[in-house]
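First comes the structure, then the notes that go with it.
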Amino acid sequence: MNRIYDAVDFIKKKENSAFYLYDYQVMDEKIDSLHNALGPDIALAYSLKANPNPEIVKKIGQKIKWFDVASLFEMKVVLKCFDANFKIIYTSPGKSLQELSFAIANNVYVIVCEDVQEIIRISDIAKNLGKVQKIAIRINPSYDNSNLDNSFSNKPSQMGLEEHVAFSLNRILEDNPSVELIGWHFYIGSRNLSAQSIIENTNYIFVVFQKLCDFYKKNFEFLDIGGGFGVNYFNGELPLDLICLKRSFSFLMSELKRKHPKLLVIAESGRFIVAESGYMVTNVITVKISKGVDFAITDSGITSFFLAADNLSNYGKNEKRNFPISVVPGNKSREKIKTYHVVGPTPTTSDVLAIDVPLPEVHPGDILVVSKAGAYGATASLSYFIGQGFPAEYALNNGIISQIKPRVSVDQLLNSYNLP
């Protein structure tokens, strides 16, 4: 953490509000470790929804050539950052006609269809453009993995077709010749910290994929097995066992490649790649005691890092779980440890960064650092709430600090409205 604290001290000389800092060295390490675990037969795609900052996307593009996007904005980020050698997989359950038209016109590699009507819409647009668009179909699996905090399978979902429907699409495909079904997309759950669970999920996906090949009498060229590679945010959680993952993937892929030697297998990751590279830096405004509880009130919370401030609904737990949080060391050593509720500045009781967290005694003006903040941070927060503006973002790359997104000030936010 010393290099992070040094970087924070440097940035604070010109930044007096909350900001994000990303350590590119950690990002590289996470990509390399996941590539190693997946093995040479699985291509890795970066999911921009975790963090779409174009400078981060360009950095990741030094090691990854596939990108999973979920919006027009994310498509445009990739297209502006890279040339045609970088491939886009377009997912999301609510693609507008404008987004689909843009994707087809700009030669997106594959559009993942989430429902039957989307197949028809894509075919109509492609026909009007004189093209045949490659599609994959997302399946909502019948497989039950209830061990996951956030499981997407075997329950009603706006995402994907139910598994049995995937075996009844012949007529739809025949009636819509401007689409070409090249493969299938699965995503069973997110933030999975169990290598064994991921392997069981993947094995199930391979079994269903083979059944689909047999049913359609076709060797499909594309299979997206999703991801869900977890990050151990909270106390008591163990990191994902990548050694176990590598051993099991090697076996599973050797069997799959024997039957489908030309198959392109994609695994997606956003959180695992960027979460641990990021830090949200916030200032302590004031410290108070209420009914025996010490509160450290900061200048950020749900407005800057919603995932840390309100994770009950995200993870389905009954208790608040704290992201790692620390105090930037000052000139004076503080040996006394106290327990704090660290909260944001907004007038809502859900704006809580941490509960009962032990910290060196905190004073107004101190700087706190929330770790593992690189995923679902700035863009997944309530930045318009109370109009504080949007935090700046910085990168640390081989000892060099650069601003990769300026702060949006209160005045700039105000000027975005049509005021007289």
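The values are calculated or read from the model by the stated rules, or taken from the named source; none is laboratory data. Computed from a predicted structure; not experimentally measured. Quick reminder, even Gly has a Cβ in these numbers, built from the backbone with ideal geometry, and neighbours come from all protein chains shown. In case anyone asks, the SASA skips ligands and DNA or RNA and just uses the protein heavy atoms, side chains included. Shrake-Rupley method; radii C 1.70, N 1.55, O 1.52, S 1.80 Å.
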At 1.4 Å probe size, with every protein chain present, just tell me what the per residue accessible area of the stretch 1-159 comes to in Å².
43 Å²
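So how do 371-379, 399-407 stack up, highest first, on mean other-Cβ count within 10 Å?
371-379, 399-407
For the stretch 1-85, calculate the relative contact order in percent as a whole number, restricting contacts to Cα pairs under 8 Å that are 6 or more residues apart. If you can, show how the numbers build up before the last one.
Details: 45 pairs, mean separation 21.2, N = 85.
It rounds to 25 percent for the stretch 1-85.
Of ASP294, ASP175, which has the most accessible area with a 1.4 Å probe, and how do the rest follow in descending order? Before the final figure, lay out each step's value.
Working: ASP294 25, ASP175 95 Å².
Highest to lowest solvent-accessible surface, that is ASP175, ASP294.
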Which residues' amide hydrogens lie under 5 Å from the amide hydrogen of ASN232, considering only partners 5 or more residues apart or on another chain, with H built in the peptide plane?
LEU240
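Over the alpha-carbon set of the stretch 1-55, divide Rg by the Kirkwood Rh and report the Rg/Rh ratio to two decimals. Can you show the working numbers first?
Numbers: Rg = 15.3 Å, Rh = 13.9 Å.
When Rh is taken as the Kirkwood radius, the ratio is 1.11.
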What lysines does LYS336 reach when the alpha-carbon gap must be under 20 Å and sequence neighbours fewer than 8 apart in one chain are set aside?
LYS288
Once amide hydrogens are built 1.01 Å from N within the peptide plane, the residues lying 5 or more places from VAL110 or on another chain with amide H under 5 Å from its amide H are ILE88, TYR90
Report MET159's accessible area, 1.4 Å probe, all protein chains in place, as a number in Å² to the nearest 10.
40 Å²
Where is the GNM fluctuation largest for the chain (alpha-carbon springs, 10 angstrom cutoff): GLU29, GLU335, GLU237?
GLU335
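Find how much the distance from ASP32 to LYS338 grows on full extension, using 0.36 nm per residue of separation minus their present alpha carbon separation; answer in nm with one decimal. Please list the in-between numbers first.
Numbers: separation 306, 0.36 × 306 = 110.16 nm, distance 3.87 nm.
Full extension from ASP32 to LYS338 adds 106.3 nm.
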Charge sum, other residues only, whose C-beta stays under 15 Å from VAL8's C-beta, Lys/Arg counted +1 and Asp/Glu -1:
-3
For the stretch 184-194, what does the Karplus curve 6.51 cos²θ - 1.76 cosθ + 1.60, with θ = phi - 60°, yield as ³J(HN,Hα) per residue in whole Hz, taken in order and with x for Gly and Pro?
9, 10, 10, 7, 8, x, 10, 6, 8, 9, 9
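If you take the beta carbon distance between ARG171 and GLN98 as r and set R0 to 25 Å, what does 1/(1 + (r/R0)^6) give as a FRET efficiency, to the nearest 0.05? Working shown, then result.
Working: r = 28 Å, r/R0 = 1.13.
That pair, ARG171 with GLN98, gives E of 0.30.
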Pairwise label distance in nanometres, LYS13 with MET1, each label 7 Å out on the Cα-Cβ vector
2.3 nm
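Tally up the carbon and sulfur contribution to the accessible surface of the chain as a whole percent, 1.4 Å probe, everything protein left in place. Before the final figure, lay out each step's value.
Details: 9690 of 18990 Å².
Roughly 51 percent of what the probe reaches on the chain is carbon or sulfur.
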Rough spin-label spacing in nm, given labels placed 7 Å along Cα→Cβ, for LEU129 and CYS244:
4.4 nm
Phi-derived 3J(HN,Hα) across the stretch 266-279 with the Karplus relation (6.51, -1.76, 1.60, θ = phi - 60°), rounded Hz, x for Gly and Pro, is 10, 10, 9, 7, x, 4, 4, 6, 10, 4, 6, 8, x, 9
Counting pairs of alpha carbon atoms under 8 Å apart in space and at least six apart in sequence, what relative contact order in percent does the stretch 211-366 give?
22 percent
0 to 90° range, to nearest 10: angle between helix 2-11 axis and the chain longest Cα axis:
80 degrees
Just to be sure I understand: with springs between alpha-carbon atoms less than 10 Å apart, which residue in VAL370, VAL265, VAL410 has the highest mean-square fluctuation in the Gaussian network model of the chain?
VAL410
Under 23 Å from the Cα of LYS218 - lysines, other chains or at least 8 residues apart:
LYS131, LYS134, LYS257, LYS259, LYS262
Diffusion coefficient in µm²/s returned for the stretch 1-134 by Stokes-Einstein, Kirkwood Rh over C-alpha pairs, 20 °C and 1.002 mPa s, is 126 µm²/s
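Take the Cβ-Cβ distance between ASN235 and THR286 as r, set R0 to 22 Å, and report the resulting FRET efficiency rounded to the nearest 0.05. Could the numbers behind the result be given before it?
Numbers: r = 27 Å, r/R0 = 1.23.
About 0.20, to the nearest 0.05.
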The distance between the Cα centres of the stretch 7-21 and the stretch 25-98, in whole Å, is 28 Å
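Seen from all sides and averaged, what is the projected area of the convex hull of the Cα atoms in the stretch 208-310, in nm²? Please list the in-between numbers first.
On the way: hull surface 43.2 nm².
Convex hull of Cα atoms, orientation-averaged projection: 10.8 nm².
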Measure of compaction for the stretch 81-220 (Cα Rg per 2.2 N^0.38 Å):
1.09
